[in-house]
Amino acid sequence: MNLENVIPGVAEPTSSRRWRHAWDVLVVLTGRDLKAQYKRSFLGFGWALASPLLQLIIFSTIFQGVLGSRIPNYACFVFIGVLVWGWFQGSLGQSVGLITGNAALARQPGFPLSLLPHVTVSVRFLHFAIAMPLLFGLLWWNGLRPTASWSALPLIIAIQYLLSVGIAYPLASLNVLHRDTQHIVSVLLQLMMFVTPVFYDIRVVPEPLREWFYLNPMVSIVDAWRSVLLYGQWPDSRSLWILSGVALCLIVVGRKIFIAHSHRFVEEM
Amino acid sequence: MKDSRVIAESVCKQYRQSYAVRRKQRDTAAHANHAWALRDVSFSVGPGEMLGVIGANGAGKSTLLRLLGGVGRPTTGAIHVNGRIGALLDLGGGFLGDLTGRENAILAGVVAGLLRSEIVARMDQIVAFAELEDYIDHPVRTYSTGMMMRLAFAVAVHTDPEILLVDEFLSVGDLAFQAKCNSRIKSLRAGGCAIVMVSHGMDQVRQLCDRALWLKHGEVAAFGSSDVVARLFETEMKNETLKRTPHVAKRALGDGVDLVAGENRFGTFEMEIDSIRFHPGTALRSGEPLAVVIGFSAASKISAPVFVVSITRDDGTVCLDTSTHLARKEVPDLHGSGHVRFTMDRLDLGPGNYFLDVGVFESKWLHAYDYHWHAYPFTVEGIIEHKGVLAPPCTWEMGGIPAGERTRTN
């Protein structure tokens, strides 16, 4: 078998072309997911606003009106929790079925499957982003003005993005081999919401137990958002450093696992 | 095996089985052979060539296409691919009903490896090719199956693939569209695109493909000129519909090669080829004459059969494929035994290993009476002064070059 004489086809795609193509895949598939989700509904993308708004109303009525929570600016407090947690939960909940729900893409020769978790997390991020002006309006209305610490927000967003993608990789590949994963994940996410301070303050958790809560990365992230937006303080830099490290490790290792298993995806489906 | 776009080197594929299946099969003895989806499959496809992959359902055709596309890895063996792959695997499978034709086309193009700007630039061509000018901005869920497939095909052929993998696609659409697809396929091939097509239509394979690969339970049953392989396949199908497995004894041919029905021997055996003799022998020098004497016997009267001889290089390249039909040689009705002699005045083949395939077919080519595939190997020796299949005597002469010019350039 003489492989030296194999004719040279087009030059290997340059790395700049590969990046541009990856970007196009991200944009086009994100657009596809958004359109598919909202195209035939009357409110369309407005649902991205409506559902966190409804949650806000329910939580603030129950916890402030009925249970009498004493947290100041409780509406803002709860809205931050709902939005940040919503992005995380939505990303992971959907990433589990990434490969199983995109069989046609998995069968496409040469398609960079490893971009799919980015697509899902980006789609959920857009839902998050569209509700942000609402949050800022609510903050302004409650007398909270932007401070210098707001400049930390992009960093917090980036950490959450990397963290979500990093967890999405192994989940999506695991679900191809064991379909139980999607059910386990949906139960775990539900449990995890209660150990994330979405509608309560982490300080109500008794001291020895609180340490354990910080094993949940979303505790630090929700904390960071609140200290920036509600108290005008810089987020706790130590926990952000740790989280960045964890997120980077997850994304590198998770992607490796994903790519190592990707040749088995189609035959296992 | 030079200058190839796709090379498969003894590819084997064994699917991992789930625990439940493994446990069930532990009790049944005869599972060992069925675990292989592909076994020792080798071939190559050069630029501009078209290979048809045929076989019954579950023979491993789709698995093969998938492996060629890099979706999954062979268990052993290797696949070398040189060029960008385009695929028509599940037509319109990635389409989203709620998006318009245009949005889906952009999606399909980007997924196939184009930049968004590139697919947008080709959109007019694609729409015109698919004949969907009036519908391209309607949601795909309002399309008929035919319209969807036209769009999928149009996108795939406009992504400039260098290798195109097609799974049973071209038989759809009306005749006019099929003609358009065929001409597009021709122009892709003229541009150097290698095509591998899975098909159940033997006429299509004969018409479009240069060569065909017949897979049977994951193994190569026959590989060579699409004409012959398609006919062998039809012969076997005929035997199966007649529920008749011909009982012919295994015959030893010497050199450790056995002639076994269903493996390297196909036919309905109403007429049999008894013997093949090479004159002068099976080790030849390039340029020597070669005569092949085909001994046959017919138990009943066979009307005007067609004798076929073809020569294939060991990498599957068809060097010669001829028949009494093509040579317009009248063959009388035959009964009893006799022989046919096929003579080549010069065998101008390059050095290498070859197979002689011989057969006798029904007068209208409907099926094979007897066909011996890759049962008669022979070698050609010679000085390696050529590349390629042909090695005729040739010389170089210098003329019209002034002597002074020549020295000046030195």
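The values are calculated or read from the model by the stated rules, or taken from the named source; none is laboratory data. Predicted model, so just to flag it, every value in this text is computed and none were measured. Don't worry about glycine lacking a Cβ; one is built from the backbone with ideal geometry, like all the others, and counts go over all protein chains shown.
Contact map, the range A:31-45: first residue away from chain B (no Cβ under 11 Å), second residue among the basic types (K, R) and surrounded by fewer than 16 Cβ atoms within 10 Å (Cβ to Cβ), Cβ cut-off under 9 Å, separation 6 or more or different chains; the map is empty. Within this structure, B:E288 passes the test of being farther than 17 Å from B:D357 by Cα, surrounded by 16 or more Cβ atoms within 10 Å (Cβ to Cβ) and modelled with pLDDT of 85 or more.
Any residue in the range B:160-176 that is closer than 23 Å to B:G70 by Cα, in contact (Cβ under 8 Å) with a residue 40 or more places away in the chain, among the acidic types (D, E) and more than 9 Å from chain A (Cβ to nearest Cβ)?
There is at least one residue in the range B:160-176 that is closer than 23 Å to B:G70 by Cα, in contact (Cβ under 8 Å) with a residue 40 or more places away in the chain, among the acidic types (D, E) and more than 9 Å from chain A (Cβ to nearest Cβ).
Which of the residues spanning the range A:244-269 are surrounded by 13 or more Cβ atoms within 10 Å (Cβ to Cβ), assigned to a helix (DSSP H, G or I) and within 14 Å of chain B (Cβ to nearest Cβ)? The answer is A:I259, A:H261, A:S262, A:F265, A:V266, A:E267, A:E268. What are the residues in the range B:171-226 that are among the basic types (K, R) and over 19 Å from B:S10 (Cα atoms), if any? B:K180, B:R184, B:K186, B:R189, B:R206, listed by residue number. Residues in the range B:331-371 that are β-branched (V, I, T) and part of a strand (DSSP E or B) were compared, and the one that is nearest to B:M271 (Cα to Cα) is B:V360. Among the criteria (1) at pLDDT 80 or above; (2) of a type outside the set (F, W, Y); (3) in contact with a strand residue (DSSP E or B) (Cβ under 8 Å, 6 or more places away or on another chain), the one A:S51 does not fulfil is (3). For the structure I just gave you, tell me whether A:A148 is at pLDDT below 90 and over 25 Å from A:L56 (Cα atoms). Judged against the criteria, A:A148 is a match. Within the range B:88-142, the set of residues being assigned to a helix (DSSP H, G or I), of a type outside the set (V, I, T) and free of Cβ contacts under 8 Å to residues at least 12 places away in the same chain comprises B:E103, B:R116, B:S117, B:E118, B:A121, B:D124, B:A128. Against the list (1) crowded, with 22+ Cβ neighbours inside 10 Å; (2) of a type in the set (A, V, I, L, M, F, W, C); (3) more than 10 Å from chain A (Cβ to nearest Cβ), the condition B:L89 fails is (3). Within the range B:305-336, being among the small types (G, A, S) and in contact with a Phe, Trp or Tyr (Cβ under 6 Å, 6 or more places away or on another chain) holds for one residue alone: B:G316.
Looking at this structure, is A:G65 closer than 19 Å to A:L116 by Cα and either surrounded by fewer than 20 Cβ atoms within 10 Å (Cβ to Cβ) or in contact with a Cys (Cβ under 6 Å, 6 or more places away or on another chain) (or both)?
Spelling it out, it is not the case that A:G65 is closer than 19 Å to A:L116 by Cα and either surrounded by fewer than 20 Cβ atoms within 10 Å (Cβ to Cβ) or in contact with a Cys (Cβ under 6 Å, 6 or more places away or on another chain) (or both).
Restricting the range B:57-86 to residues that are on the phi > 0 side of the Ramachandran plot and facing chain A (nearest Cβ under 7 Å), the residue that is farthest from the chain's Cα centre (by Cα) is B:G72. Among the residues that make up the range A:114-131, is at least one of them under 17 Å from A:T30 (Cβ atoms), of a type in the set (F, W, Y) and part of a helix (DSSP H, G or I)? Looking through the range A:114-131, at least one residue is under 17 Å from A:T30 (Cβ atoms), of a type in the set (F, W, Y) and part of a helix (DSSP H, G or I). Reported count of residues in the range A:93-121, each being under 12 Å from the mean Cα position of the chain (by Cα), over 17 Å from A:Q37 (Cβ atoms) and of a type in the set (A, V, I, L, M), is 0. Tallying residues that are within 23 Å of B:S183 (Cβ to Cβ), hydrophobic (A, V, I, L, M, F, W, C) and buried (at least 16 other Cβ atoms within 10 Å of the Cβ) within the range B:103-155 yields 20.
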